[in-house]
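Scroll down for the structure; my scribbles are underneath it.
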Amino acid sequence: MRKVWLYKRKGIKGWWTGWYENGQRRAKALPTKALAEHYRQIKYTQLNSDVFTGIVVADWSQLTSEYRKDKTVEGIVESSLYEISLTLRNFHRLTNVISSRQLTQNNIDGFILKRGKEVKRTTLNKDIRNIKAFIRWCQQKKYINGNLKVKVLKEDERPVKSLNEMQIKRLLLLSKSYPTLYMRILLALGTGLRRGDIESLKISDIDFINSNMATKSKKTKKSMTSRPLPLEIIEKLKVYVENLPKEQALLFIDRFKHRKWKEICRKIELSDLKFHDLRKTFASTLAQLGISTAVTQKLLEHSSPTLTQKIYTNVDPVLRYSVNQLPIRQWLSG
């Protein structure tokens, strides 16, 4: 319980109430003892509201430290933890929040407005999602109470970057001179795996008889013990593995060559192409072939079909094909 007491200062008329709040001593002058007593009762209730409501007050460093620890226990990877920490640092910088008491709607709205002037809408929405998860955690831990609204802002839809058939052919042709880079590109196009997961593949993960391999995502921690591989890629992998030292465990012993990748991208006139766009090409190609979103979502290890559809699937060629199926010629012939 926080103590609230009355005292009278010498030489000054009126009664004073004294209390401690956030580690600082505070006081207020009142003309009569009765009024001071009344104010004391009000302040006592306010300061000890956490006792009556079950809300626990914690300072900012305690909140962020405990939150990070909980996320680590949940298995969140270091890169995601860094993004969360960065968001919380920016929230603290722009709002000057020092305790859970100050996690209010005004401060949240103020952060969104100020942060929106510093970054693009996409980055701002990442921050909003991180803050939303943090607020939800604070509510579960009884650090805050009430209905705080944190909504992601609407973004303009951007076209998904994926390669067409001609671009894929040129990319594979130019990368053939670099066997390890060529095999990485082929695996990304044929499996949709992230580059980090491709880098960590072991030769023992590949089942050459059943044409599949075991994978585990570093980002999501999800595993697929028998991810199917196209037969053509299995054949390429057999030839590639035969040329590796017998004692080698990893599929790739060298590092990804960014310079070579950029050089090849410039040659096919796609200088801004990212390796991750091969994952989007994989998803888009499946959609264009009529494969369901549920199947693509499973292969990409996404938790939501919305992410698969919105961020990773370019359906423009499918739209064109669909429109071309309309019997316009028959309509006009009549």
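Annotations for the structure displayed:
- Residue list for the range 161-202, restricted to those being open to solvent by 60 Å² or more (accessible area, probe 1.4 Å) and aromatic (Phe, Trp, Tyr): 178
- Residue 283 within 28 Å of the chain's Cα centre (by Cα), over 30 Å from residue 176 (Cβ atoms), open to solvent by less than 80 Å² (accessible area, probe 1.4 Å) and at pLDDT 85 or above: no
- Where a residue in the range 115-137 is within 18 Å of residue 104 (Cβ to Cβ) and assigned to a helix (DSSP H, G or I) and its partner, wherever it lies, is of a type outside the set (Ser, Thr, Tyr) and open to solvent by 30 Å² or more (accessible area, probe 1.4 Å), with Cβ under 6 Å and at least six apart: 128/152; 135/148
- Identification of helices (runs of 4 or more DSSP H) wholly contained in the range 190-293 with 3 or more residues that are hydrophobic (A, V, I, L, M, F, W, C) yields 231-242, 258-267, 277-288.
- Boolean, residue 144 is crowded, with 17+ Cβ neighbours inside 10 Å and either among the aromatic types (Phe, Trp, Tyr) or not in a loop (DSSP other than H, G, I, E, B) (or both): no
- Positions within the range 207-227 being open to solvent by 100 Å² or more (accessible area, probe 1.4 Å), out of contact with any helix residue (DSSP H, G or I) (no Cβ under 7 Å at 6 or more places or on another chain) and within 20 Å of residue 74 (Cα to Cα), in sequence order: 216, 219, 221
- In the range 111-122, the qualifying residues are those that are surrounded by 15 or more Cβ atoms within 10 Å (Cβ to Cβ) and not charged (D, E, K, R), and the one that is farthest from residue 63 (Cα to Cα) is 116.
- The residues of the range 68-80 that are touching a Lys or Arg at 6+ places or on another chain (Cβ under 9 Å) and under 15 Å from residue 131 (Cβ atoms) amount to a single one, 80.
- Of the listed requirements (1) modelled with pLDDT under 90; (2) open to solvent by 50 Å² or more (accessible area, probe 1.4 Å); (3) more than 17 Å from residue 187 (Cα to Cα); (4) touching a Leu at 6+ places or on another chain (Cβ under 9 Å), residue 253 misses just one: (3).
- Residues (β-branched (Val, Ile, Thr), over 18 Å from residue 108 (Cβ atoms) and either modelled with pLDDT of 90 or more or not in a helix (DSSP H, G or I) (or both)) located in the range 63-94: 76, 77
- Of all residues making up the range 95-109, the number that are surrounded by fewer than 17 Cβ atoms within 10 Å (Cβ to Cβ) and within 22 Å of the chain's Cα centre (by Cα): 1
- Out of 289, 244, one residue alone is modelled with pLDDT of 90 or more and either under 20 Å from residue 169 (Cβ atoms) or surrounded by 13 or more Cβ atoms within 10 Å (Cβ to Cβ) (or both). It is 244.
- Residue pairs whose Cβ atoms lie under 6 Å apart, separated by 6 or more positions or on different chains, with the first residue in the range 268-283 and under 18 Å from residue 295 (Cα atoms) and the second in a loop (DSSP other than H, G, I, E, B), are 279/192; 280/160; 280/162; 281/162; 281/163; 282/192; 283/313.
- Residue 42 vs. criteria within 27 Å of residue 138 (Cα to Cα) and either in contact with a helix residue (DSSP H, G or I) (Cβ under 7 Å, 6 or more places away or on another chain) or at pLDDT 80 or above (or both): no
The values are calculated or read from the model by the stated rules, or taken from the named source; none is laboratory data. For clarity, every value in this text was computed on a predicted model and none was experimentally measured. Virtual Cβ from ideal backbone geometry, glycine too; neighbours counted across all protein chains shown. Side chains are part of the model used for accessible areas, which takes the heavy atoms of the whole protein and leaves out ligands, DNA and RNA. Shrake-Rupley method; radii C 1.70, N 1.55, O 1.52, S 1.80 Å.
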